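Okay, structure first, notes after.
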Amino acid sequence: MERVAGATPPVMARQVRGWSDGTVAWIFIAPTILLLLAINIFPLIWTIWLSFTNYRANRPNAPVRNIGIENYHSILTDPDIWAAMQATAHFVFWTILLQTLIGFSLAYLIDRKFRGHGFWTTVILIPMMLSPAVVGNFWKFLFEPQIGLFNYAIAFISGVDPSSFEMLGSVRLAPWSIIIVDTWMWTPYVMLICLAGLRSIPDYIYEAAEVDRASRWRQFWSITLPMVLPFIMLAVLFRAIDNFRVFDMVNLLTSGGPGSTTEVASITLKREAFEKWRTGYSSAFAIILFVTVFGLANIYVRALNRVKQR
């Protein structure tokens, strides 16, 4: 504090000497807090206000009327909205399940530190380093029924005609196409978190288990899995939140089609806000999505804390 006071003009030096450490800290962090409030809090409050109105962004001069909870009632009774939520739940469930199983399996294998494990770890991480735009266009080419390598790979394995099915154009296969792409891209992320959990287990625990003549299978179920479980749950939380709001990759691959088969909640929100220009309606939908994610994440974090305290 004396150094700060010595570097200031004499008039301000007397004032600086009287400031506490807390006052100085608040002076430095206040601009950051104000910026965060302007970026995050104000748009949220404005969105909440818009959700109770009939406002349309393409009609800025039209009178704005307060319609109460009409937007919320329309959303909760709209079968198209529930279909979008069902598609989102299907996408989130299967991507989280596949990414967790494959990611943990890869982390467990890499933790064995076989020859060349550093090289293969780098190779596995490549999909995560790419942007969703690159991944979407890359897999869109792979899924082409005539020239795409994916159809020919499936045909080589199963013996079916490569042009007999279309991943992105089939109502039955399109939901699985976006699941495959997201799993390919983000499994390395789950692998890294699980690998950190595996590396955090002290070696002496395994040494003690070997002294007690515990089998590898017994060590896995009694030591490895319980100690890595908080890391797995943390990875599931991060990926579930991210997948619930997925947009760019699905928009590039299918744009919600065919029909509305892969129209997840974020695609529906975009269409309501920027195609139909129902700004008040889309604001209410955004608030419902926010409350849903926040509520589920809060319940999940409580379960995670209980697991960590065991």
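Each value in this text was obtained by applying a stated rule to the coordinates, not by laboratory testing. Since this is a predicted model, take the numbers as computed values, not measurements. Using ideal geometry, Cβ is built from the backbone for each residue, glycine included, and neighbour counts are taken over all protein chains shown.
Listing T122, T224 from the residue with the fewest other Cβ atoms within 10 Å to the one with the most, what is the order? Present the calculation step by step, with values, prior to reporting the outcome.
Values: T122 10, T224 20.
The fewest-first ordering by Cβ neighbours comes to T122, T224.
For I154 and I69 in one chain, what is 0.36 nm times their gap in residues minus the Cα-Cα distance, to one decimal in nm?
25.6 nm
Under 10 °C and 1.306 mPa s, how fast does region 44-128 diffuse according to Stokes-Einstein, given a Kirkwood radius computed over C-alpha pairs? Answer in µm²/s, whole number.
Result for D is 90 µm²/s.
Given 0.36 nm per residue, what is the gain on full extension from L225 to I201 after removing their alpha carbon distance, in nm?
7.6 nm is the gain from fully extending L225 to I201.
If you rank W94, W26 by fewest surrounding Cβ atoms within 10 Å, what's the result?
Fewest-to-most Cβ neighbours within 10 Å comes out as W26, W94.
Taking the Cβ-Cβ separation of N298 and S260 as r and a Förster radius of 30 Å, what is the calculated FRET efficiency to the nearest 0.05?
The value I calculate is 0.50.
Calculate the all-directions average of the projected area of region 111-168's alpha-carbon convex hull, and give it in nm². Can you show the working numbers first?
Numbers: hull surface 22.9 nm².
Averaging across all directions leaves 5.7 nm² for the Cα convex hull.
Quick one: Cα convex hull volume of region 79-183, Å³ per residue? Intermediate results must be reported in sequence, preceding the final value.
Working: hull volume 14.1 nm³, N = 105.
Cα-based convex hull of region 79-183, divided per residue, equals 134 Å³.
Neighbouring Cβ atoms within 10 Å as the yardstick, rank S283, S170 fewest first.
S170, S283
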